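The values are calculated or read from the model by the stated rules, or taken from the named source; none is laboratory data. Fair warning: this is a prediction, and the values are worked out from it, not measured in the lab. Cβ atoms come from the backbone with ideal geometry, glycine included; neighbour counts cover every protein chain shown. Note: areas computed on protein heavy atoms with side chains; ligands, DNA, RNA excluded. Shrake-Rupley method; radii C 1.70, N 1.55, O 1.52, S 1.80 Å.
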Amino acid sequence: MSTNGVKIVKRIAVDKPNWKKIFVESSLPEVLYPLKDISRNLWWSWNTEARDLFCSIDPEKWEESEHNPIMLLESVSYQRLLELEKDEKFLNSMHQVSDELTQYIQERKDRKRPSVAYFSMEFGIHDSLKIFSGGLGILAGDYLKEASDSKVNMVGIGLLYRFGYFKQTLSANGEQLANYEAEQFSKIPVTAVADADGKWLTIPFEFPQGRVYARVWEAKVGAVSLYLLDTDFEDNRDSDRTITHQLYGGDNENRLKQEIVLGFGGIRLLKALGIDSDIYHCNEGHAAFIGVERLRKLVKEERLTFAEAKEVVRASTLFTTHTPVPAGHDIFPEDMFRFYMEGIPDELGISWNDFVMLGKAFLHETHFNMSYLAAHLSQGINGVSLLHGEVSKELFTDLYGGFFPTELNIGYVTNGVHYKSWAAQEWKELHKKYFGEQFPDNQLDFDLWAKISTVPSEEMWSVKHTLKVKLIEYIKQRFTDSWIQRHEDPKIISEVLNTLNPNALTIGFARRFATYKRAYLLFRDLDRLSELLNDPERPMQFIFAGKAHPADRAGQDLIKYIIDISKRPEFIGKIIFIPNYDINLAKILLQGVDVWLNTPTRPLEASGTSGEKGVMNGTLHFSVLDGWWVEGYHKDAGWALPQENSYDVAEFQDQLDAETIYNILENEVIPAYYERNDKDLPIRWISYMKNTFAQVAPNFTTLRMLRDYEERFYIPQSKRVNKLKADKYKLAHSLAAWKSRVASKWEGIEVLEVDLSERITNTYRIGESYPARVVLNLNGLSPEDIGIEIVTCVPINGSNEMKFIDSQEFEVCSTMDGKSTYCHDLVLNDPGYYNYAIRIFARHPELPHRQDFRYVRWI
């Protein structure tokens, strides 16, 4: 057809394709089945051969899967599987790893130590199991790994979060963006737990709004089972499915629901599985409801009274607090708390006031404190460093009226890190070479670590340089990807990549971006900082990483501030911020940097473990003397800012600390790094690295930490609880009855006479003995039920607050006509002015410590 000589071609209509979706499921050849078993046990995450095995399948897909072997196996092409099926070298490696795992598990079938149930809101084992946000979770994950390695009979209990903690990206303006990605539970290392009938085990809860169910999952952490609860399934209402959506997400009411699921549900799932542990370890106050559920169980099933059940629960519970400030403890308004807990007191046989006082220091308080609940229901309480133990005594002093903070039975176990997880493979090989083939199984032999002095300097420096080159290459890739995604100026990207220098002194600062961590200190004097960073003879670079909580505006602003500074011409390529701080990035950073910087506000660092991971890799620590570094610091094995504040005004203290950091960098750190011998080796720096390995690192492993928990808490408490439970709870019955009798007669005790041989001038001679006596009417109590002591103290800074100095206990010297006389020869050995008072207290040989029964009176 044509018109005016122009040919017109008729267009043929073409239908659009009707695309349909199909899913091609990966199927391993039978000969490769061992890979499935290995991938389902997180033991692979700290076994080098297992990780290398998965990486060898397809290195590119291994990176794309973020080192998740389950996702890796599902994404490998059929052709590659056929190749592996015929690859003898690969098959031999696979069978070696599989046999090693089998032997590892078999060797841990018989675990005789006290059995422990370890409860935590988060566990950081590997990035493929996103149920952690930071240090608390990483510590809990390391602890389970060490329990498995050390053949401890332990189970972990936590929550399985659908969205976990957020993935951090940055906007073009450098603002933090929180992205929550839903987890596909089939692609992570968890499996459903079956009940006795072979059905999926679910745990019921009676909430005021109706019944809620939690499913039970299991993650295998070597020989340790980690049981996880989740509510996000169709049996629950939509509002209840969200309970376990986000770690530390939702409002305060959802946090309460999460802690109910963790505490009440955790104990119920253990019962359903037939697990009756000797010790119940509450890692932070989030899990404190474990004590309430165990009380219910003992009252209902064992027919104990509340007081008797409390004796058993307290004796078998350990509470570890990680919080150095009151604001860090979870609290709930009493009306909200009552809405969910109103029926519990009736089940326990006590009043509402008696029940709610388990979470209070004073009745007039309007909130229920979960850390107070944990403290009231735990015989053992500990902080997570020597200093934090003392800080915790101050925090909990209101619970123990009549006692000074220094007297409180609150101990400490300093946190540690899992050597096999955090030490670079290069260091592991060097340590085996010089410490012996049995290392690190014998890592508690500190003399072995001293052998680092025999390592040639060239070999030490070669390992560190290799790790730094890996770090710089990794940062270039991760940095480039991030900046391209945000559409940054290609010129700046190129300049950054060209400036990053594997030979420059490299300092790392990576952690949660809370304002008390004071990441801003380094930037108080930008001109001074620029001088330090831009010395062409002695180059230096800083690498930052970390997340701010989505609700922490100040922390997010600080991240943006650092990114803005990093784009200034004088700091391009000298200051880098790497987004989405995770376990993998942490490892590469801690292994590759030369110095790990930490600048918290004193004394707000309960422990801190990132620096501990650094010293396992020859990374020198530079920190305020706070947390673990108070115990770890040694001269010529790192650097320290003073422990005490010089100013009460934070602004002045920040200014002083910033100047101190600049001075130490300029006068000590930089010269030590760039002072070279004729072989271009920094001999002084290498000696600092050796000192770090020999004097610091061996004290901060999870193996040492686990041993401390066993010796200080697990073993003594398990012996005591077994004694309380023996003969159908005979001791628990008698001890509860004794406490009841003392309490009923306490107010009727009369002080009849006090004679301290007081001088007219109130002056006593040092070292001389002065007879003293106190006469009491005990109101029907036995003299052995009551103790008397004289307490000396001094005012604090001239105030009415007193500092405990000493106490000297009286002995019963006579009893007649209902009167008991207590005598003591008073000797004062230190000169000075003191205040004194007489303290009466209840005592019993079966009390674990004074604060177990807090009946005290002052004369």
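Can you tell me how many residues in segment 380-410 are closer than 23 Å to V313 by Cα, surrounded by fewer than 22 Cβ atoms within 10 Å (Cβ to Cβ) and hydroxyl-bearing (S, T, Y)? Residues meeting the conditions: 2. When D197, D232 are checked against the criterion of being in a loop (DSSP other than H, G, I, E, B) and open to solvent by 40 Å² or more (accessible area, probe 1.4 Å), D197 stands alone in meeting it. Checked against (1) under 30 Å from G380 (Cα atoms); (2) in a loop (DSSP other than H, G, I, E, B), P831 passes all but a single condition, namely (1). Among residues of segment 531-556 being of a type outside the set (V, I, T) and part of a strand (DSSP E or B), the one that is farthest from Y520 (Cα to Cα) is M540.
Going by the conditions given, is P771 exposed (fewer than 12 other Cβ atoms within 10 Å of the Cβ), more than 28 Å from G411 (Cα to Cα) and either in contact (Cβ under 8 Å) with a residue 12 or more places away in the chain or out of contact with any Gly (no Cβ under 9 Å at 6 or more places or on another chain) (or both)? The answer is yes for P771. When we screen F337, F355 for residues that are among the aromatic types (F, W, Y), open to solvent by less than 10 Å² (accessible area, probe 1.4 Å) and touching a residue at least 24 places away in the same chain (Cβ under 8 Å), the only hit is F337. Collect the residues in segment 804-814 that are surrounded by 14 or more Cβ atoms within 10 Å (Cβ to Cβ) and either over 17 Å from L756 (Cβ atoms) or in contact with a Leu (Cβ under 6 Å, 6 or more places away or on another chain) (or both), keeping them in residue-number order. Correct list: F804, V812.
Here is a yes/no grid of residues against (1) at positive phi; (2) modelled with pLDDT under 90; (3) in contact with a Gly (Cβ under 8 Å, 6 or more places away or on another chain):
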site: K803; (1), (2), (3): no, no, no
site: E811; (1), (2), (3): no, no, no
site: S814; (1), (2), (3): no, no, no
site: K819; (1), (2), (3): no, no, no
site: H824; (1), (2), (3): no, no, no
site: D830; (1), (2), (3): no, yes, no
site: L847; (1), (2), (3): no, no, no
site: F853; (1), (2), (3): no, no, no
site: W858; (1), (2), (3): no, no, yes
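Considering the conditions (1) surrounded by 12 or more Cβ atoms within 10 Å (Cβ to Cβ); (2) in contact with a Ser or Thr (Cβ under 8 Å, 6 or more places away or on another chain), K730 is excluded by exactly one of them, (2).
Listed by position, the helices (runs of 4 or more DSSP H) enclosed by segment 442-513 that each have at least 1 residues that are β-branched (V, I, T) are 457-485, 490-499.
Within segment 557-638, which helices (runs of 4 or more DSSP H) (wholly inside it) include 1 or more residues that are aliphatic (A, V, I, L, M) and either free of Cβ contacts under 8 Å to residues at least 12 places away in the same chain or under 25 Å from Q655 (Cα atoms) (or both)?
Here the list reads 629-632.
Annotation: of all residues in segment 117-165 being assigned to a loop (DSSP other than H, G, I, E, B) and basic (K, R), the one that is surrounded by the most Cβ atoms within 10 Å (Cβ to Cβ) is K130. The set of residues in segment 246-257 that are in contact with a Phe, Trp or Tyr (Cβ under 9 Å, 6 or more places away or on another chain) and either more than 12 Å from F332 (Cα to Cα) or open to solvent by 40 Å² or more (accessible area, probe 1.4 Å) (or both) comprises Q246, L247, Y248, G249, N252, E253, R255.
L226 passes every criterion in (1) among the aliphatic types (A, V, I, L, M); (2) modelled with pLDDT of 95 or more; (3) closer than 22 Å to L373 by Cβ; (4) touching a Lys or Arg at 6+ places or on another chain (Cβ under 9 Å) apart from (3).
For (1) aliphatic (A, V, I, L, M); (2) buried (at least 17 other Cβ atoms within 10 Å of the Cβ); (3) in contact with an Asp or Glu (Cβ under 8 Å, 6 or more places away or on another chain), each residue gets a yes or a no:
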{"residue": "K420", "(1), (2), (3)": "no, yes, yes"}
{"residue": "F446", "(1), (2), (3)": "no, no, no"}
{"residue": "A450", "(1), (2), (3)": "yes, no, no"}
{"residue": "P456", "(1), (2), (3)": "no, no, no"}
{"residue": "L471", "(1), (2), (3)": "yes, yes, no"}
{"residue": "K476", "(1), (2), (3)": "no, no, no"}
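Every residue, every condition in (1) open to solvent by 60 Å² or more (accessible area, probe 1.4 Å); (2) assigned to a strand (DSSP E or B); (3) over 23 Å from S462 (Cβ atoms), yes or no:
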position	(1), (2), (3)
N645	yes, no, yes
A658	no, no, yes
E666	yes, no, yes
K679	yes, no, no
Y688	no, no, no
V696	no, no, no
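Residue check, L363 against (1) among the aliphatic types (A, V, I, L, M); (2) open to solvent by 10 Å² or more (accessible area, probe 1.4 Å); (3) modelled with pLDDT of 95 or more, all met but one. Which one? Here L363 meets the rest and fails (3). Is there a residue in segment 515-522 that is of a type outside the set (K, R), in contact with a Leu (Cβ under 7 Å, 6 or more places away or on another chain) and modelled with pLDDT of 95 or more? No, segment 515-522 has no match at all. Per the listing I243, I260, the residue uniquely part of a helix (DSSP H, G or I) and either of a type in the set (S, T, N, Q) or crowded, with 22+ Cβ neighbours inside 10 Å (or both) is I243. With respect to the conditions (1) in contact (Cβ under 8 Å) with a residue 12 or more places away in the chain; (2) part of a helix (DSSP H, G or I), H67 lacks only one, and its number is (2).
Restricted to segment 626-643, and to residues there that are at pLDDT 95 or above and in contact with a Lys or Arg (Cβ under 9 Å, 6 or more places away or on another chain), the residue that is most open to solvent (accessible area, probe 1.4 Å) is D636. Filtering segment 98-116 to residues that are without any contact (Cβ under 8 Å) to a residue 60 or more places away in the chain and open to solvent by less than 40 Å² (accessible area, probe 1.4 Å) leaves nothing. Quick check, is S186 outside any strand (DSSP E or B), among the polar types (S, T, N, Q) and under 19 Å from the mean Cα position of the chain (by Cα)? No: the conditions fail for S186.
Quick grid of which residues meet (1) among the hydroxyl-bearing types (S, T, Y); (2) in contact with a Ser or Thr (Cβ under 9 Å, 6 or more places away or on another chain):
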| position | (1), (2) |
| --- | --- |
| G416 | no, yes |
| M460 | no, no |
| T466 | yes, no |
| I475 | no, no |
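Looking across segment 559-613, the residues that are hydrophobic (A, V, I, L, M, F, W, C) and under 21 Å from T692 (Cα atoms) come down to A586, I588, L589, L590, V593, V595, W596, L597.
Considering segment 305-398, the qualifying strands (runs of 3 or more DSSP E), each wholly inside and each with 1 or more residues that are over 28 Å from E801 (Cα atoms), run over 317-320, 331-333. Could you go through segment 132-149 and let me know if any residue there is on the phi > 0 side of the Ramachandran plot, within 21 Å of the chain's Cα centre (by Cα) and at pLDDT 95 or above. No, every residue in segment 132-149 fails to be on the phi > 0 side of the Ramachandran plot, within 21 Å of the chain's Cα centre (by Cα) and at pLDDT 95 or above. Sub-6 Å Cβ pairs linking a first residue in segment 818-847 that is among the small types (G, A, S) to a second residue that is not in a strand (DSSP E or B), at least 6 apart or interchain, are S820/L778; S820/P783; A842/V742; A842/F853; A842/Y855, ordered by first then second residue.
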